[in-house]
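Report on one structure; see the data block that follows.
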Amino acid sequence: MSDLAIPEGPEERAAALADFATYLNPQKVRVMRTAGLDIVEGERSGPWVWDVDGRRFLDCFTSAGSFNVGRRHPAVVAAAKEALDHLDHGNFLLCSAQKARLAERLAEIAPGNLSCTTFGTGGGEAIDFALKLARGSTGRPTIVSTVNGYHGHTGFALSAGGRDAFREPFEPLMPDFRFVPFGDGDALRAVVDNTTAAVILEPIQGEGGIVVPPDGYLTAAREACDAVGALLIFDEIQTGMGRTGKWFASQHEGVVPDIMTIAKSLGGSLAAISATIYTEEVREFLIPHPFIHLSTFGGSDLACAIALATLEVIEAEGLVENAAAMGVRLHAGLAELAAAHPDMIAETRGRGLMAGLKYREDSHGPRMSYQLSQRGVLAIYSGNEPSVMRVMPSLVVGPDEIDLLLTALDDSVRAVRSGDGPADAGTTRARRRPERATT
């Protein structure tokens, strides 16, 4: 068998997990096994993924929202194959037609006067550049971020993260970062002053537990920044690309930042690419410093070709509108679930196809992940808030998939309440993979 072929069968799955534990991360294997998510991905198609042992799962984690157009969308795969016939990464120092065209398309869909782009390979890199750009263009040191916010694990991005557990092993980090409670406009206004380079926010906190701020919060952030000449940065890495029922979550409140970051789903599940998008006013800093931030593979010609096809799929198939419509169905079902099980579910959260289910106890998170996996659903609790399960299926889902998800959630809650646990692993409702998964 070729090393590139997907292994199939229980023995191959066990071997892959053993090798992963030996050569990569043994604790990850243990944690995933406890939650029933020791899955080795095989075939992937649309909103579905198959374990190499043949079980099918509705993917409601989607690599933290990276698969908005689904897995291996035929149009995106076709664009990737065509690009491979003509392109490679490209020389990062030269101008690129693919970069130029993708930047133009992003300017067309971005809100307000966001029209200039710098590409990277991932979300952390996009955040790093956004924060560097804020400090460089304002000449100020201070960055204001939020408690339980998440912006990545690289240098500046980690410094902006609002969870001590991620930060403390690597301190001292970048200086002059301040943290305020998310959603509290008064707390934000109290710390933003004439030393503030930028305020950085997720319009909806993802890793923080799908936290939707109160109406007017983004407006308050905009006003606080404008009052002292600071910049406003929106991290739309999880919330963007149609996830919440609009292209970008900030559009629900009609607030335009000075800098916006996107990544994850921009690559159509096939390429690593991110973008930091900003105004012409902010770009002025780069005119005398055109090579101050470089990325060898950021916005590669191949990745840009794939991203262009991804944007076309989102528009042509109405996936932004579908996220809004399916979100209504999903949130209605989650509200019924919470009403039926108030002893276990504290609240439901979210917007569009970015939903969160908050349990009464942290321990319910892994137990629910386990039960859902037995019913053919892949879902896991939030990184910064283990009592909240993220529910973020691909935007290609329809009513049947939403109903399957809601049924699985109801059955799983009942199983957890009755005390069922890993001993039940032999009884699975996950369907077997067909002879060949269609794409």
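The values are calculated or read from the model by the stated rules, or taken from the named source; none is laboratory data. Bear in mind that the values here come from a model prediction, so they are computed numbers and not experimental data. Quick reminder, even Gly has a Cβ in these numbers, built from the backbone with ideal geometry, and neighbours come from all protein chains shown.
Taking the stretch 46-63 as the region of interest, how many residues are within 26 Å of residue 123 (Cβ to Cβ) and surrounded by fewer than 20 Cβ atoms within 10 Å (Cβ to Cβ)? If you could, list the steps in order and put the result at the bottom.
Within the stretch 46-63, the first condition is being within 26 Å of residue 123 (Cβ to Cβ), and the residues that meet it are 46-49, 57-63.
Retained after the next criterion (residues that are surrounded by fewer than 20 Cβ atoms within 10 Å (Cβ to Cβ)): 63.
Total meeting the criteria: 1.
Are any residues in the stretch 383-415 of a type outside the set (Val, Ile, Thr), buried (at least 24 other Cβ atoms within 10 Å of the Cβ) and not in a helix (DSSP H, G or I), and if so, which ones?
Once the filter is applied, which keeps residues that are of a type outside the set (Val, Ile, Thr), buried (at least 24 other Cβ atoms within 10 Å of the Cβ) and not in a helix (DSSP H, G or I), the stretch 383-415 yields 389, 390, 392, 393, 394, 395.
Determine which single condition residue 50 fails, assuming it passes every other condition in (1) out of contact with any Gly (no Cβ under 7 Å at 6 or more places or on another chain); (2) touching a residue at least 12 places away in the same chain (Cβ under 8 Å).
(1)
Given (1) over 11 Å from residue 201 (Cα atoms); (2) crowded, with 22+ Cβ neighbours inside 10 Å; (3) over 20 Å from the mean Cα position of the chain (by Cα), identify the lone condition not met by residue 159.
(3)
What is the number of the single condition among (1) more than 28 Å from residue 352 (Cα to Cα); (2) exposed (fewer than 14 other Cβ atoms within 10 Å of the Cβ); (3) charged (D, E, K, R) that residue 176 does not meet?
Of (1) more than 28 Å from residue 352 (Cα to Cα); (2) exposed (fewer than 14 other Cβ atoms within 10 Å of the Cβ); (3) charged (D, E, K, R), only one is false for residue 176: (2).
Hey, among 212, 147, 191, which residue is over 24 Å from the mean Cα position of the chain (by Cα), surrounded by fewer than 24 Cβ atoms within 10 Å (Cβ to Cβ) and either of a type in the set (Phe, Trp, Tyr) or over 21 Å from residue 282 (Cβ atoms) (or both)? Break it down into steps so the answer makes sense when it comes.
Working: 212 fails: over 24 Å from the mean Cα position of the chain (by Cα); 147 fails: over 24 Å from the mean Cα position of the chain (by Cα).
The conditions single out 191.
Give me a count of the residues in the stretch 309-354 that are touching a residue at least 12 places away in the same chain (Cβ under 8 Å), exposed (fewer than 14 other Cβ atoms within 10 Å of the Cβ) and outside any helix (DSSP H, G or I).
Total meeting the criteria: 1.
Only residues that are of a type in the set (D, E, K, R) and either under 18 Å from residue 131 (Cα atoms) or surrounded by 15 or more Cβ atoms within 10 Å (Cβ to Cβ) (or both): list them for the stretch 179-188, please. Walk me through how you get there before you give the answer.
Within the stretch 179-188, the subset of a type in the set (D, E, K, R) is 184, 186.
The one that is of a type in the set (D, E, K, R) and either under 18 Å from residue 131 (Cα atoms) or surrounded by 15 or more Cβ atoms within 10 Å (Cβ to Cβ) (or both): 184.
I'd like to verify a number: residues in the stretch 341-367 that are of a type in the set (Ser, Thr, Tyr), in contact with a strand residue (DSSP E or B) (Cβ under 8 Å, 6 or more places away or on another chain) and over 11 Å from residue 330 (Cα atoms), how many?
Step one: of the stretch 341-367, the residues of a type in the set (Ser, Thr, Tyr) are 348, 359, 363.
Next, from what is left, pick out any that are in contact with a strand residue (DSSP E or B) (Cβ under 8 Å, 6 or more places away or on another chain): 348, 359.
This time we only want the ones that are over 11 Å from residue 330 (Cα atoms), so: 359.
Final tally of qualifying residues: 1.
Of the conditions (1) modelled with pLDDT of 95 or more; (2) in contact with a strand residue (DSSP E or B) (Cβ under 7 Å, 6 or more places away or on another chain), residue 54 fails just one. Which one is it?
Residue 54 satisfies every listed condition except (1).
Looking only at the stretch 274-305, filter to residues that are of a type in the set (Gly, Ala, Ser) and assigned to a helix (DSSP H, G or I); which one of those is nearest to residue 85 (Cα to Cα)? Step through it out loud before you land on a result.
Quick first cut of the stretch 274-305, residues of a type in the set (Gly, Ala, Ser) only: 274-275, 295, 298-300, 303, 305.
Those left that are additionally assigned to a helix (DSSP H, G or I): 303, 305.
On the way: 303: 14, 305: 12 Å.
Ranking the candidates gives 305 first.
Give the residue, chosen from 101, 72, that is touching a Lys or Arg at 6+ places or on another chain (Cβ under 6 Å), modelled with pLDDT of 95 or more, surrounded by fewer than 21 Cβ atoms within 10 Å (Cβ to Cβ) and over 20 Å from residue 284 (Cβ atoms).
Working: 101 fails: touching a Lys or Arg at 6+ places or on another chain (Cβ under 6 Å).
After applying the criteria, what remains is 72.
Please pick out the residue among 165, 187, 134, 157 that is in contact (Cβ under 8 Å) with a residue 12 or more places away in the chain, of a type in the set (A, V, I, L, M) and out of contact with any helix residue (DSSP H, G or I) (no Cβ under 7 Å at 6 or more places or on another chain).
On the way: 165 fails: in contact (Cβ under 8 Å) with a residue 12 or more places away in the chain; 187 fails: in contact (Cβ under 8 Å) with a residue 12 or more places away in the chain; 157 fails: out of contact with any helix residue (DSSP H, G or I) (no Cβ under 7 Å at 6 or more places or on another chain).
Answer to the selection: 134.
So residue 207 clears everything in (1) out of contact with any strand residue (DSSP E or B) (no Cβ under 8 Å at 6 or more places or on another chain); (2) surrounded by fewer than 20 Cβ atoms within 10 Å (Cβ to Cβ); (3) of a type in the set (Asp, Glu); (4) at pLDDT below 95 except one condition, right? Which one?
Exception for residue 207: condition (2).
Which residues, counting only those in the stretch 288-331, are hydroxyl-bearing (Ser, Thr, Tyr) and in contact with a strand residue (DSSP E or B) (Cβ under 8 Å, 6 or more places away or on another chain)?
Going residue by residue through the stretch 288-331, those that are hydroxyl-bearing (Ser, Thr, Tyr) are 295-296, 300, 310.
Matches in the stretch 288-331: 295 only.
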